[in-house]
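First up is the structure itself, then whatever we jot down about it.
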Amino acid sequence: MKKSTSSKNARSAKPAAGKKAAAPKKSSVAAKRNAAPSGRASATASKSAKPAPKKSARSAAASSRGTAKSSGSRVVANTRKKQSSAREDLQEVLKDSLKDIYYAEKQLAKALKKVSKAATNEELKQAFDTHREQTEGQIELLTQAFEALEMRAAGKKCPAMDGLIEEANEHIQEMDKGPALDAALIVGAQKIEHYEIAAYGSMRTFARCLGLGECEDIFNQILQQESETDELLTQIAETVNMEALDEDEAEEVDMGEMEEEAM
Ligand SMILES: [Fe+2]
Ligand SMILES: [Fe+2]
């Protein structure tokens, strides 16, 4: 029995494997019973698979009509939510930048006193002093920006500005007073100005995007001062660099004279 059943199963199993259901017509009940699971497996799957969409299509159509409105309004709501959160995110970037630059300006106001004392060229000294006064005015302007944004005026540590000031201090400590140090101080000051120009340029754009007119005006005003200072330093550098070169050439002459005397 087992053998015949298994052979019938084997025969009836073939069509299932071959996807042609000719064998089940002639096969025994037992064979049908046994073959059915594998033979019908695909049929059952396809039968149950095909009608299902009809039912679900109807219900899906009905539910999609229902969900069309809700998902549509959900999309609008999500879009508004995204826009408002994007706006908040951008405002956060602006607030963070404001705290950063407020700290930076305060550190710079202190550093410019030291830098001015270290400078030799009178025009450069004057430029540093003028910019220190401007920087104090900028700090005052920034407090107005804090007010406009309904924030407490407070700085946030700015490692970039700390690093740039530290570089300038290193030059002051390591170099003698004179044109070469002046040239080094100009490089340091211009690095600082460029940092500020990048910061205020971006902050002005953020304020404009956010419709914060008062902040935009403040950042624009400061940006102009930073740009003018940068240009002034470039002009002064032309004189200072020549002075530094003259100094080196003068040293070369001195060295040459000393060597001649030694001979
Ligand atoms: Fe500044
Ligand atoms: Fe500056």
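What follows draws every value from the coordinates through simple rules; no lab data is involved. Every value quoted in this text rests on a predicted model; they were computed, and no experiment measured them. Neighbour counts are summed over all protein chains in view; Cβ atoms, including those assigned to glycine, are modelled from backbone coordinates with ideal geometry.
Taking the Cα centre of the range 197-246 as origin and assigning +1 to Lys and Arg Cβ atoms and -1 to Asp and Glu Cβ atoms, the resulting dipole is close to 360 debye.
Computed on the range 68-262, with alpha-carbon pairs under 8 angstrom and 6+ residues apart, the relative contact order is 24 percent. Legend: residue pairs Lys114/Lys157; Lys95/Lys177; Lys117/Lys191; Lys157/Lys177; Lys114/Lys156; Lys113/Lys157, Cα-Cα distance threshold 29 Å; pairs beyond threshold, Lys95/Lys177; Lys157/Lys177. The 3J(HN,Hα) values that the Karplus relation (6.51, -1.76, 1.60; θ = phi - 60°) gives for the range 87-103 are, in residue order, 4, 4, 4, 5, 5, 5, 4, 4, 4, 5, 5, 5, 5, 4, 6, 5, 4 Hz. Gly and Pro appear as x.
Under the shape rule built on the C-alpha gyration tensor, where the axes satisfy a ≥ b ≥ c, the range 69-131 is prolate, since a/c reaches at least 1.5 and a/b is greater than b/c. Using Cβ point charges alone (K and R +1, D and E -1), the dipole size of the range 68-262 about the Cα centre works out to roughly 3120 debye. With an a/c value of 1.5 or above and a/b larger than b/c for the gyration tensor axes a ≥ b ≥ c computed over the alpha-carbon atoms, the range 68-262 is described as prolate.
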